[in-house]
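First up is the structure itself, then whatever we jot down about it.
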């Protein structure tokens, strides 16, 4: 991991922490038992362009922000950002276009968040329908935002890759 990757990863981690802590109420959407904070996946998704380790670290930062703000169940769901972001970062590193990696990681993201709530007393139906489908819709919205941000700031497919 280079210095630029580390710095940008730290900035994305800070955003991943600030979004739930400062904007959780304002950007929050609650359809009990599901909740979502709009734009909360954006830093994690963008981190996929910086490599797997950066993506995992930003995902952990996101989970920490949700733990502090909203408690254990939401933090467990946010911890699944590590899974989809890590997988997506590997896809991008292997040459897959960013937009396609975002689409491929959608089912991983939705399924992992649906499964992680089962130990917290969610029924299979509520976990799958409410959390799984809600996460899939949230993923699509945040993927659109992430793609717009990446395009607006002119990030390349792999902005910090080293030759060779």
Out of (1) in a helix (DSSP H, G or I); (2) without any contact (Cβ under 8 Å) to a residue 24 or more places away in the chain; (3) surrounded by fewer than 18 Cβ atoms within 10 Å (Cβ to Cβ), the odd one out for residue 108 is which?
-> (2)
Scan the range 111-132 residue by residue and report those that are within 23 Å of residue 89 (Cα to Cα) and free of Cβ contacts under 8 Å to residues at least 24 places away in the same chain.
-> 111, 114, 115, 132
For residue 55, state whether it is within 18 Å of residue 77 (Cβ to Cβ), at pLDDT 90 or above and surrounded by 23 or more Cβ atoms within 10 Å (Cβ to Cβ).
-> yes
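Within the range 152-162, does at least one residue satisfy the condition of being assigned to a helix (DSSP H, G or I) and more than 16 Å from residue 39 (Cβ to Cβ)?
There is no residue in the range 152-162 that is assigned to a helix (DSSP H, G or I) and more than 16 Å from residue 39 (Cβ to Cβ).
Taking helices (runs of 4 or more DSSP H) that fall entirely within the range 8-102, which contain at least 2 residues that are under 12 Å from the mean Cα position of the chain (by Cα) and farther than 20 Å from residue 114 by Cα?
42-47, 52-70
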Criterion: exposed (fewer than 15 other Cβ atoms within 10 Å of the Cβ) and over 29 Å from residue 96 (Cβ atoms) - qualifying residue of 68, 73 = 68
Would you mind telling me which numbered condition in (1) farther than 19 Å from residue 131 by Cβ; (2) in contact with a strand residue (DSSP E or B) (Cβ under 9 Å, 6 or more places away or on another chain); (3) crowded, with 22+ Cβ neighbours inside 10 Å residue 13 fails?
-> (2)
Scan the range 119-144 for residues that are surrounded by fewer than 19 Cβ atoms within 10 Å (Cβ to Cβ), in contact with a helix residue (DSSP H, G or I) (Cβ under 6 Å, 6 or more places away or on another chain) and more than 18 Å from residue 66 (Cβ to Cβ) and report the count.
-> 2
Please specify each residue of the range 117-133 satisfying the condition of being closer than 15 Å to residue 31 by Cβ and outside any helix (DSSP H, G or I).
-> 117, 122
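For every residue, the table says whether it meets (1) at pLDDT below 95; (2) at positive phi; (3) over 14 Å from the mean Cα position of the chain (by Cα).
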| position | (1), (2), (3) |
| --- | --- |
| 121 | yes, yes, yes |
| 140 | no, no, no |
| 147 | no, no, no |
| 151 | yes, no, yes |
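The values are calculated or read from the model by the stated rules, or taken from the named source; none is laboratory data. Quantities reported herein were computed from a predicted structural model and do not represent experimental measurements. So basically every Cβ, Gly included, is an ideal-geometry build from the backbone, and we count neighbours across all protein chains shown.
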